[in-house]
Amino acid sequence: MKIIFLRAYDFPLGGASQNRLLGICRGLAEEGHHVEVHQYSPSKLNLKLNILKSQVYKGIRIYNHAWRWSPVKSKYAQAAGLVCGILSSIFSILRSNQNEHIDYIFMNSEKNLYLFPFFIISRLIDSKFGRDLNEYPLVILKPARFNRLQKKYKINTNYLWFDVVFIISKDLINYYSSYLSKRSKILYLPVTVDFDRFPFTVESLEGLNYITYCGDLSDSKDGIFSLIRAFEEIRKGFPEIKLKLIGQNFDTKHMSILNKLIADLNLSNHIEFTGYVHPDKIPVELYKSRLLVLSRPENIQNRGGFPTKLGEYLATGIPVAVTSVGEIPFYLKDEINAYLAEPGNVISFADCMKRALKDIGKALQVGLAGRDTALEHFSHKKQGKIISDFLAGRN
């Protein structure tokens, strides 16, 4: 089959959304399908691979139709790049279809203004139109941004275009099913991990003194404040341990509160901020860790989603401490393949970390069992076969 994924910005390198799409594309490419990614909006990150006009990356053909405006430097350049990128993407898809029929076009957008032209293209060339849904819509996550009419319009129209959808959690399947077209076919597709980024497993945790978090340093999504407080609870019992925070947050008010909390708890000498780390180097940083942590709170965003970073944590074979929220406890069991804590409970998360740090022999066994779980459920190779069969109508 020939399958095209339309990407708004930045590919192949970036964060969770880029990694998930990359895993899906690689899985399909390794199943023998012709896979292309067309980027129709300027890149935001000034990464060499993301601003190339065209390339083949890990078997995937990538076209950046807004490369002249990448990385974007102003709102005007963003607008110009978007318009030209969409038009160029349309013509490129039409030309590509002349050479070989396109079976599927996937596009992730909540804006009907962008969805509609590509939906029409899919109908003109007789392709199926698809989408990957991995969280609740913005009208649910950030309702204050929308008035009542906008909410009704977006909810009732945005999901009617699609013939096929991938959905990351059962909670989201229950939500979206009533808004999708009756013709839509649904594939339950949990987090997807490119295991080639994590080629080996740790053999020992001896001498590793970092607890590591990787993400955007957010509190509402990843509970970064709770993590800091939990770390303060365990620090005296493990004086050699440091907390490494990989990532950044551009909200200066949020970072001011975070830095003040660290200073008030006298943790400044025990917490290391790495800032932005190139995606290719993140696995190396994770492998330096004795424990990987994610203290997600209980909220609607986390009930519906499934963190890509958790799948990547597990892929390393390093033990993981994580809160039991959403579908996480469906795959992970406490002290079997991860260390689980109650969401929003600082003492519970501190205890979770203590148990992992106290017995490193058992912690290594738990970490390796977590990797086995990720291989079974989240590997891009295994999921590539599942997606391939689904799109071919074999399941």
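Taking H placed 1.01 Å from N in the peptide plane, check which residues at least 5 places from ILE102 or on another chain put their amide H under 5 Å from its amide H.
none
I'd like the Karplus ³J(HN,Hα) series for segment 331-343: coefficients 6.51, -1.76, 1.60, θ = phi - 60°, whole numbers in Hz, and an x wherever there's a Gly or Pro.
With the stated coefficients, segment 331-343 comes to 9, 10, 10, 4, 6, 9, 10, 5, 10, 9, 10, 6, x Hz.
Under 5 Å between amide hydrogens, which residues at least 5 positions from LEU6 or on another chain qualify, with H placed 1.01 Å from N in the peptide plane?
When sequence neighbours closer than 5 places are left aside, the close amide H contacts are HIS38, PHE106, MET107, ASN108.
Taking all protein chains as present, what is the carbon and sulfur share of the accessible area of the chain, in % to the nearest whole number, probe 1.4 Å?
So the carbon and sulfur contribution to the accessible surface is 54 percent.
Sort PHE119, PHE91, PHE349 by accessible area with a 1.4 Å probe, largest first.
Ranked list, largest accessible area first: PHE91, PHE119, PHE349.
State the antiparallel share, in %, of DSSP beta bridges confined to segment 25-144, rounding to the nearest 5.
35
With all distinct Cα pairs included, what does the Kirkwood hydrodynamic radius of segment 7-91 come out to in Å, to one decimal, could you say?
For segment 7-91, the Kirkwood estimate is 12.7 Å.
Give the span of segment 306-374's Cα atoms along each principal axis, as three whole-Å numbers ordered largest to smallest.
Taking the Cα atoms of segment 306-374, the three principal extents are 28, 28, 16 Å.
According to a simple spin-label model (label point 7 Å from Cα along Cα-to-Cβ), what is the distance in nm between LYS281 and ASP389?
Reported label-point gap for ASP389 and LYS281 is 4.1 nm.
Dividing the alpha-carbon radius of gyration of the chain by 2.2 N^0.38 Å (N being the number of residues), what value is obtained?
It is 1.01.
How long is the gain from PHE273 to GLU233 if the chain were fully straight, where each residue apart is worth 0.36 nm and the alpha carbon distance is subtracted?
Here the answer is 12.5 nm.
Calculate, for the chain, the solvent-accessible area per residue in square angstrom, rolling a 1.4 angstrom probe over the heavy atoms of the protein chains.
44
Using helices alone, what [θ] at 222 nm do you get for the chain, with -39,500 (n - 2.57) per DSSP H run of 4 or more residues, divided over all residues and rounded to the nearest 500?
That comes out to -12500 deg cm²/dmol.
Assuming a ≥ b ≥ c are the square roots of the Cα gyration tensor eigenvalues, decide whether segment 189-271 counts as rounded (a/c under 1.5), prolate (otherwise, with a/b larger than b/c) or oblate.
Oblate, since a/c reaches 1.5 and b/c is not below a/b.
Report ³J(HN,Hα) in whole Hz for each residue of segment 8-13, in order, from the Karplus equation J = 6.51 cos²θ - 1.76 cosθ + 1.60 where θ = phi - 60°; Gly and Pro get x.
5, 7, 6, 7, x, 9
Along its principal axes, what span do the Cα atoms of segment 181-226 show, with the longest given first and each in whole Å?
56, 32, 12
Taking the full set of protein chains and a 1.4 angstrom probe, give the accessible area of SER177 in square angstrom, rounded to the nearest 10.
My reading of the accessible area for SER177 is about 60 Å².
Just to check I understand the Karplus step: with θ = phi - 60° and J = 6.51 cos²θ - 1.76 cosθ + 1.60, what whole-Hz values come out for segment 267-278, glycine and proline as x?
Here the 3J(HN,Hα) series is 10, 4, 8, 10, 10, 10, 8, 8, x, 5, 10, 4 Hz.
What span do the alpha-carbon atoms of segment 257-330 cover on each of the three principal axes, reported in whole Å from largest to smallest?
So the extents along the principal axes, rounded to whole Å, are 37, 29, 21.
If I ignore ligands, DNA and RNA and count only protein heavy atoms, how much of LYS281 is accessible to a 1.4 Å probe, in Å² to the nearest 10?
So the heavy atoms of LYS281 present about 130 Å² to solvent.
If you find the alpha carbon centre of segment 328-351 and of segment 93-134, how far apart are they in angstrom?
41
Could you sort MET255, MET107 by accessible area so the largest value comes first, with the probe set to 1.4 Å?
From most exposed to least exposed: MET255, MET107.
The values are calculated or read from the model by the stated rules, or taken from the named source; none is laboratory data. Only a predicted model underlies this, so the values are computations on that prediction, with no experimental measurement involved. All Cβ positions, even for glycine, are placed from backbone atoms using ideal geometry, and neighbour counts span all protein chains on display. Side chains included, ligands, DNA and RNA excluded: accessible areas come from the protein's heavy atoms. Shrake-Rupley method; radii C 1.70, N 1.55, O 1.52, S 1.80 Å.
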